[in-house]
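The values are calculated or read from the model by the stated rules, or taken from the named source; none is laboratory data. Treat the numbers as computed from the prediction; the structure is a model and nothing was measured. Heads up, the Cβs are rebuilt from the backbone with ideal geometry, glycines too, and the neighbour counts pull from every protein chain shown. Heavy atoms of the whole protein, side chains included, go into the accessibility calculation; ligands, DNA and RNA do not. Shrake-Rupley method; radii C 1.70, N 1.55, O 1.52, S 1.80 Å.
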Amino acid sequence: MPASNHFELFVNGADTPGADGERHEVRSPATGEVVGSVAAATAADADRAVAAAAEAFKKWSALTAYEREKTIKGALAHVRGNADEIGRLMSLEQGKPFNQARSEVLGACDTIDYYASEGVRIEGYTSPTEHRDMRSWVIYQPVGVCALITPWNYPISLLSWKLGPALATGCTVVVKPTTVTPMSPLAFCKALVAGGIPGGVLNVVTGSGSLVGDALIRHPKVAKVAMTGSTATGKRIMASAGPLLKKISLELGGQCPAIVCADADLDNAAKVIAYKGFRNSGQSCSSINRVYAHRSIQDVLVAKLKAIAEKMTMGDGLSDGAVDLGPMATADGVETSQRHVSDAVAKGATLVCGGKRPEGDAFARGHYYLPTVLKGATHAMAVMREETFGPVVPFAAFDSLEEAVALANDTEYGLVAFLFTRDLATASRVSESLQAGTVCVNHGAVNTNYGPYAGWKDSGYGLELSRKAVFEYLKTKHIKVQL
């Protein structure tokens, strides 16, 4: 395998072996073969990375926002020039088709670029005072060192949501990517530093969450923890970081519903449901996990989605970057998908298509699972209650909008909800009734840099994206002066 597939820790701008010499193997989800390795950090390594970030914070936070903007945008130009290589690593370790991986790298650059521009627009304010010779004003200052803990489904995109506002506001960071997909985030961060971000500003340590992640969360010099991952992991982070009074932002799990009304554009609905249900093999917190279709149009909609699903191409996305679906990132994902499908069928659901691994030698060693549609699902089935995180879309019929909204809200999650209707009054009323931080009406473009992404209920704490996210990395200071 290429030497470029072997990575050390990245601390203070330099490749740094782990303290005990241990390493994590990285395996291809398409073949099961070892395709790379990363150093396994220890708690002492995490401490060294935090120390480097704390030292770099002194100079980075002292720069003007305009100076940071210029540095960040210059670094992004270098990263964009390396998008093919970073995308190759992502496709190799995560499984998504190369074209989608490369697009993710470029999109992440756009997100960080957005925040570099937002950094120069952070506005304080003044207040009238009780005396003529008194002045009162409010400013915002960076919190300090941030621990950014990132997942494997969108390993660079979800990093950029945190890295962008952190760097723009003057914070320094230690990134802890998952051991499933550590190589592409490492390559991305190293490219930013090669492009001009000072080394100690951006550090990366790889290793287990229970050891390295916990060391970062509890570290006294880490002021802020941002994490994307499961709800269970998020709650453990809250339990650890809460007593230490650190700033925390968490983007967690989802069980996202879609309501399709009788008047909906069914061709559009089917296209969006396929995109949000099957893209990245369903491995997205904002995937459409369950569909409530009006009884009068359910069969037509299911047939349209079935036709799309059966035309989707599948394969090793590294050798054919244009396929629709690659393998799932882990064997656990395949097992969960199959468990949910089997449970649904056993409890009375009809399997419309998929519901198994694809056949053939090309798929024998990889974590592949066919895009799957179920009909006749109920809330007694795990697929309607738990987060599948796989390419499985179950349908249930409804007769009234009140019933559909009640079913959609019957979950502990509240990340994203989808609605399909041609009626503006329905769009307004139902959107306001859905218990989710984001509601998409007639489209699947969930995440946009300008729109806040906030999980309700068990789906998150704080928010990411939009200009509001910069305040997740800032402290408020009131200055009152007697003249």
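The fraction of all Cα pairs in segment 245-314 landing in successive 5 Å bins from 0 to the largest distance is 3, 16, 24, 21, 14, 9, 5, 3, 3, 2, 0, given as whole percents. Using a cutoff of 8 angstrom between alpha carbon atoms and counting only pairs six or more residues apart, the relative contact order for segment 97-163 works out to 41 percent. Comparing Cα centroids, segment 97-125 and segment 10-38 end up 27 angstrom apart. What percentages, rounded to whole numbers, describe P(r) for segment 419-472 computed over all alpha carbon pairs with 10 Å bin width beginning at zero? Values per bin, smallest distances first: 23, 46, 27, 4. Summing Lys and Arg as +1 and Asp and Glu as -1 over all other residues whose Cβ lies under 12 Å from the Cβ of residue 59 gives a net charge of 0. Electrostatic bookkeeping for residue 31 treats Lys and Arg as +1 and Asp and Glu as -1; over the other residues with beta carbon under 13 Å from its beta carbon, the sum is -2.
With protein chains left intact and a 1.4 Å probe, residues in the chain average 39 Å² of accessible area per residue.
Counting only C-alpha contacts under 8 Å and six or more residues apart, can you give the relative contact order of segment 330-383 as a whole percent? For segment 330-383, the relative contact order is 46 percent.
Of the complete DSSP H runs in the chain, those spanning 27 angstrom or more by Cα along the long axis with a mean Kyte-Doolittle score not below -1.0 are 98-118. Shape call for segment 356-483 from the C-alpha gyration tensor, a ≥ b ≥ c root eigenvalues: rounded (a/c under 1.5), prolate (a/b greater than b/c) or oblate? Note, shape of segment 356-483 comes out oblate.
Values of log10 I(q)/I(0) for segment 1-100 across q = 0.11, 0.19 Å⁻¹ run -0.49, -1.09, by the Debye formula with one identical scatterer at each alpha carbon and no solvent.
Ordered by solvent-accessible area of protein heavy atoms (1.4 Å probe), largest first, the residues 471, 278 come out as 471, 278.
The overall shape of the chain is oblate: from the C-alpha gyration tensor, with semi-axes ordered a ≥ b ≥ c, the ratio a/c is 1.5 or greater and a/b is no larger than b/c.
Solvent-accessible surface of protein heavy atoms, probed at 1.4 angstrom with all chains present, puts 324, 332, 361 in the order 361, 332, 324, largest first. Put one equal scatterer on each alpha carbon of segment 303-369, apply the Debye formula with no solvent term, and list log10 I(q)/I(0) at q = 0.21, 0.24 1/Å to two decimals. The Cα Debye sum returns log10 ratios of -0.99, -1.17. When only alpha carbons are used to place a centre, segment 283-322 and segment 351-401 end up 10 Å from one another. Shown here: segment 110-248, whose C-alpha atoms stretch 61, 37, 24 Å along the first, second and third principal axes, sorted largest to smallest. Sorting the segments 472-479, 283-290, 264-271 by their mean number of nearby beta carbons within 10 angstrom, highest to lowest, gives 283-290, 264-271, 472-479.
Prolate is the label for segment 182-242, because the ratio a/c of its alpha-carbon gyration tensor axes (a ≥ b ≥ c) is 1.5 or higher and a/b is greater than b/c.
Highest mean packing first, where packing is the average number of other Cβ atoms within 10 Å per residue, the peptides 379-386, 178-185, 152-159 line up as 152-159, 178-185, 379-386. In the assembled protein chains, residue 365 presents an accessible area of approximately 140 Å² (probe radius 1.4 Å). Counting heavy atoms of the protein chains alone, residue 55 has an accessible area of about 110 Å² for a 1.4 Å probe. Summing charges over neighbours of residue 141, with a neighbour being any other residue whose Cβ is under 11 Å away from its Cβ, gives +2 when K and R count +1 and D and E count -1.
The DSSP beta bridges internal to the chain are antiparallel in roughly 40% of cases. Ordered by solvent-accessible area of protein heavy atoms (1.4 Å probe), largest first, the residues 296, 433, 281 come out as 296, 433, 281.
Short-range pairs are left out: with C-alpha atoms under 8 Å and at least six residues apart, the relative contact order of the chain is 18 percent.
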